[in-house]
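S.K.: Please see the structure below; I have some questions.
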Amino acid sequence: MTQTTAENPARKQRAQLKVRTLRTDRWWLAPALTFTGLLTFLIYGFWAIFDQSYLAEPYIAPFASPCLATACPEGARLFGLAPIGDWYTWPPGLLILGLPGGFRLTCYYYRKSYYRSFWLSPPACSVAEPHGKYTGETRLPLIIQNIHRYFFYFAVIIGLILTYDAVLAFRDKEGNWGHVGLGSIILLVNAILILAYTFGCHSCRHITAGRLNHFSKHPLRYKAWTFVSKLNAKHQQFAWASMFSVMIADLYVRLVAKGIINFPFA
Amino acid sequence: MGYKAKFRVWRGEGGEGRLEDFTVEVNEGEVVLDVIHRLQATQAPDLAVRWNCKAGKCGSCSMEINGKPRLGCMTRMSTFEESETITVTPMRTFPVIKDLVTDVSFNYQKAREIPSFTPPKDVKPGEYRMQQVDVERSQEFRKCIECFMCNNVCHVIRDHDENKQAFAGPRFLMRIAELDMHPYDVADRKESAQDEHGLGYCNITKCCTEVCPEHIKITDNALIPMKERVVDRKYDPLVWLGNKIFKRSS
């Protein structure tokens, strides 16, 4: 039977449907929303990098942390240090945002979202993409996506620093513990979401134990893998939640720093 | 409770064909395949459709319903509006034999290209000892009913026929992942997954996962873990160095 099929050239053709898709649902809605969400994040991030109101003690805006140069106000410096020195005078965010940015850019979830919404490759399942040729991640530049795990290592460091910032937000301006403001809560929630997103990453899942074939020989790593797998199952949700939380937290601190938000428990 | 539904069904041999309109009776509790069978029985006796179990377990009745890859036997008519026109076409990635029946031999060819399970030479059949946690991951992939809807929906070959030579498709990349994760498989599958079976073509847009009738997390549990294993082998200098220093087998 296979022989008969192979010999008949007419049977080598797919159905010659002329339309791009026969889907009747609103397949364009998800990529449109994703496009809007990601573009909002990019525009906000671009503005935030160059905005100088990033410190409202005890809060520091996440997009400017860690602040590593002498040019940063003393309260904004990580552990009070300025390892970069005084030669760097540009905005602090410009120095470090490439790391969490690179982590999100090469993240397996974000890849899906921007391949679909920005590059339309494909815009939605069973909707034809507009490109004549496709090589995927087999060659430059997209083969660079394989660097993701290195960004993950840096993202862990950034996540821990944001957690440290959130803990410090429970001190008042004089450095006494016990202060709780809306900003403290916002920064704490943001840190938790960032950590949940970071540790739910597919590379983290692989590093903990995914690369092993004998889980039974590595019970602790297997336990870690099981935990990471649970976070990983919600990776998309944590990706969006942490993206908005970091924007909200950053904007909140800047509005406090500018004096726009100035109620008592700010 | 029955009603008359409007159906548009692809009719033709090979690539040539057209969508034909039918009005056909639908009764409560029926699925799309039931309606296709009623069409055969009442209006189009030569309508070709492949089917077997009618229980979502044989993977025969894969088709595209309103543009989405679905199993005809698992798509309830109650999910559509009574006024809706339901369009039924063959799987778009594979050549049409007749009407809704496609030639899926591409998949059998790709299956043959994957080296089978390769146990260590010194372990004889009957000596395999594995714990449940060691095989659990792979067992998920064994749920596959080979409906080939994942390969059908994958844009790498759906929109680019020229990639069929280089790309095995999600179903068979999942098979490679299944074998690579097996505690007793010693074949080197990482290099070949990337270089011979086209894992790098996958841009993880997850359509395979979306259409899988067995709800296998193809992308998250097979393709991405396999991509990470390939990174270990081909793109991560630290892993390479660690393997050299600690004399680990990769």
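S.K.: Can you tell me which condition A:Trp90 does not meet? The list is (1) in contact (Cβ under 8 Å) with a residue 60 or more places away in the chain; (2) assigned to a loop (DSSP other than H, G, I, E, B), and all the others hold.
M.R.: (1)
S.K.: Check the range B:92-100 and report whether any residue there is farther than 21 Å from B:Cys53 by Cβ, part of a loop (DSSP other than H, G, I, E, B) and not basic (Lys, Arg).
M.R.: The answer is yes, given that some residue of the range B:92-100 is farther than 21 Å from B:Cys53 by Cβ, part of a loop (DSSP other than H, G, I, E, B) and not basic (Lys, Arg).
S.K.: Tally up the residues in the range B:183-199 that are in contact with a Phe, Trp or Tyr (Cβ under 9 Å, 6 or more places away or on another chain), buried (at least 21 other Cβ atoms within 10 Å of the Cβ) and either outside the structural domain of B:Arg112 (by TED's automatic domain parsing) or not aliphatic (A, V, I, L, M) (or both), please. Steps first, please.
M.R.: Narrowing the range B:183-199 to residues in contact with a Phe, Trp or Tyr (Cβ under 9 Å, 6 or more places away or on another chain): B:183-185, B:187, B:197-199.
Next, only the ones that are buried (at least 21 other Cβ atoms within 10 Å of the Cβ) stay: B:197-199.
Of the ones still in play, those that are also either outside the structural domain of B:Arg112 (by TED's automatic domain parsing) or not aliphatic (A, V, I, L, M) (or both) are B:197-198.
Number of matching residues: 2.
S.K.: From the list A:Ile248, A:Ile194, which residue is out of contact with any Ser or Thr (no Cβ under 7 Å at 6 or more places or on another chain) and either of a type outside the set (D, E, K, R) or surrounded by 17 or more Cβ atoms within 10 Å (Cβ to Cβ) (or both)? Explain how you work it out, then say what you get.
M.R.: On the way: A:Ile194 fails: out of contact with any Ser or Thr (no Cβ under 7 Å at 6 or more places or on another chain).
Among A:Ile248, A:Ile194, only A:Ile248 is out of contact with any Ser or Thr (no Cβ under 7 Å at 6 or more places or on another chain) and either of a type outside the set (D, E, K, R) or surrounded by 17 or more Cβ atoms within 10 Å (Cβ to Cβ) (or both).
S.K.: What number of residues in the range A:95-109 are surrounded by fewer than 18 Cβ atoms within 10 Å (Cβ to Cβ) and facing chain B (nearest Cβ under 10 Å)?
M.R.: So the answer is 0.
S.K.: Does B:Val231 satisfy being within 10 Å of another protein chain (Cβ to nearest Cβ) and surrounded by fewer than 20 Cβ atoms within 10 Å (Cβ to Cβ)? Working first, answer last.
M.R.: Working: within 10 Å of another protein chain (Cβ to nearest Cβ): yes; surrounded by fewer than 20 Cβ atoms within 10 Å (Cβ to Cβ): no.
Here the answer is no, as B:Val231 does not meet what is asked.
S.K.: For the range B:195-250, how many residues meet the condition of being among the acidic types (Asp, Glu) and in a helix (DSSP H, G or I)? Before the answer, list the steps.
M.R.: Applying the first criterion (among the acidic types (Asp, Glu)) to the range B:195-250 yields B:195-196, B:210, B:214, B:220, B:228, B:232, B:236.
Next, from what is left, pick out any that are in a helix (DSSP H, G or I): B:195, B:210, B:220, B:228, B:232.
Of the residues in the range B:195-250, 5 are among the acidic types (Asp, Glu) and in a helix (DSSP H, G or I).
S.K.: Hey, does the range B:56-70 have a residue that's in contact (Cβ under 8 Å) with a residue 24 or more places away in the chain, within 14 Å of another protein chain (Cβ to nearest Cβ), under 26 Å from B:Lys143 (Cα atoms) and among the acidic types (Asp, Glu)? If you could, list the steps in order and put the result at the bottom.
M.R.: Going residue by residue through the range B:56-70, those that are in contact (Cβ under 8 Å) with a residue 24 or more places away in the chain are B:56-65, B:68-70.
If we keep only those that are within 14 Å of another protein chain (Cβ to nearest Cβ) as well, we get B:62-65, B:68-70.
Within this subset, residues satisfying the condition of being under 26 Å from B:Lys143 (Cα atoms) are B:62-65, B:68-70.
Those still in the list that are among the acidic types (Asp, Glu) too: B:64.
There is at least one residue in the range B:56-70 that is in contact (Cβ under 8 Å) with a residue 24 or more places away in the chain, within 14 Å of another protein chain (Cβ to nearest Cβ), under 26 Å from B:Lys143 (Cα atoms) and among the acidic types (Asp, Glu).
This table checks each residue for (1) in contact (Cβ under 8 Å) with a residue 24 or more places away in the chain; (2) assigned to a loop (DSSP other than H, G, I, E, B).
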residue: A:Ala155; (1), (2): yes, no
residue: A:Val167; (1), (2): no, no
residue: A:Lys173; (1), (2): yes, yes
residue: A:Asn190; (1), (2): yes, no
residue: A:Ala196; (1), (2): yes, no
residue: A:Thr226; (1), (2): no, no
residue: A:Ser229; (1), (2): yes, no
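S.K.: Now, a different point. Go through (1) closer than 21 Å to A:Lys234 by Cβ; (2) touching a residue at least 60 places away in the same chain (Cβ under 8 Å); (3) buried (at least 21 other Cβ atoms within 10 Å of the Cβ); (4) within 11 Å of another protein chain (Cβ to nearest Cβ) one by one and return the number of the condition B:Thr219 breaks.
M.R.: Looking at each condition in turn, B:Thr219 falls short on (2).
S.K.: To continue, here is another question. Looking only at the range B:184-202, count how many residues are within 7 Å of chain A (Cβ to nearest Cβ) and without any contact (Cβ under 8 Å) to a residue 40 or more places away in the chain.
M.R.: As a first pass, look at the range B:184-202 and keep what is within 7 Å of chain A (Cβ to nearest Cβ): B:200-202.
Still in the list and also without any contact (Cβ under 8 Å) to a residue 40 or more places away in the chain: B:200.
Result for the range B:184-202: 1.
S.K.: Something else now. Give the residues of the range A:114-144 that are under 21 Å from B:Met226 (Cβ atoms) and either of a type in the set (Asp, Glu) or under 14 Å from the mean Cα position of the chain (by Cα) (or both), sorted by residue number.
M.R.: Passing the criteria: only A:Glu137.
S.K.: Is at least one residue of the range B:73-86 part of a loop (DSSP other than H, G, I, E, B), under 30 Å from B:Lys164 (Cα atoms) and acidic (Asp, Glu)? If you could, list the steps in order and put the result at the bottom.
M.R.: Here is the first cut: in the range B:73-86, the ones part of a loop (DSSP other than H, G, I, E, B) are B:75, B:80-84.
Subsequent filtering for residues that are under 30 Å from B:Lys164 (Cα atoms) retains B:75.
Add one more test, that the residue is acidic (Asp, Glu), and what stays is none.
No: zero hits.
S.K.: List every residue pair whose Cβ atoms lie under 8 Å apart, where the two residues are 6 or more positions apart in sequence or sit on different chains, the first residue falls within the range B:92-107 and is at the interface with chain A (Cβ under 9 Å from one of its Cβ atoms) and among the basic types (Lys, Arg), and the second residue, located anywhere, is surrounded by fewer than 19 Cβ atoms within 10 Å (Cβ to Cβ) and not in a loop (DSSP other than H, G, I, E, B).
M.R.: Every condition considered, the pairs that remain are B:Lys98/B:Glu13.
The values are calculated or read from the model by the stated rules, or taken from the named source; none is laboratory data. Quick caveat: nothing in here was measured; it's all calculated off a predicted structure. Ideal geometry is used to build each Cβ from the backbone, glycine not excepted, and the neighbour counts take in all protein chains shown.
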